[in-house]
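Notes for the one structure printed next.
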Amino acid sequence: MSATETESTPEPPSKEVLKKAMKAFRKRLKVTRLDDESRMGYGPMSGGNKSGVCAIMPPNQYPKEVWEELANQGRLRYLGQGMYEMTDG
């Protein structure tokens with residue numbers, strides 16, 4: 001590569017894309033928790049335990065770079081093996 005050629009760094013995802021991705025992540029997490037709670041052993045007659053699901057694989061409709069950017073911003077926490085969880089902040 002010559003000095004006149006410059007490597008273009010990929011632009012970070014737009015705020016709009018990040019906002020939509022977070023909304024999709026929250027919805028997927030909610031549905032996953034509801035699905036977990038709907039199995040046998042949960043419910044008002046069996047003690048009413050809450051779901052233990054705290055991390056999920058994010059929706060694949062957004063590229064990996066979107067989830068990495070949200071983790072860099074501190075909105076999600078990467079746990080390894082493609083799993084992310086919501087942060088308190």
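The values are calculated or read from the model by the stated rules, or taken from the named source; none is laboratory data. Computed from a predicted model, the values in this text were never measured in an experiment.
Within the stretch 31-48, track down each residue that is at pLDDT below 85 and not hydrophobic (A, V, I, L, M, F, W, C).
Those that are at pLDDT below 85 and not hydrophobic (A, V, I, L, M, F, W, C): D36, E37, S38, R39, G41, Y42, G43, P44, S46, G47, G48.
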Q.
Please count how many residues of the stretch 16-30 are over 14 Å from N60 (Cα atoms) and modelled with pLDDT of 95 or more.
A. 2
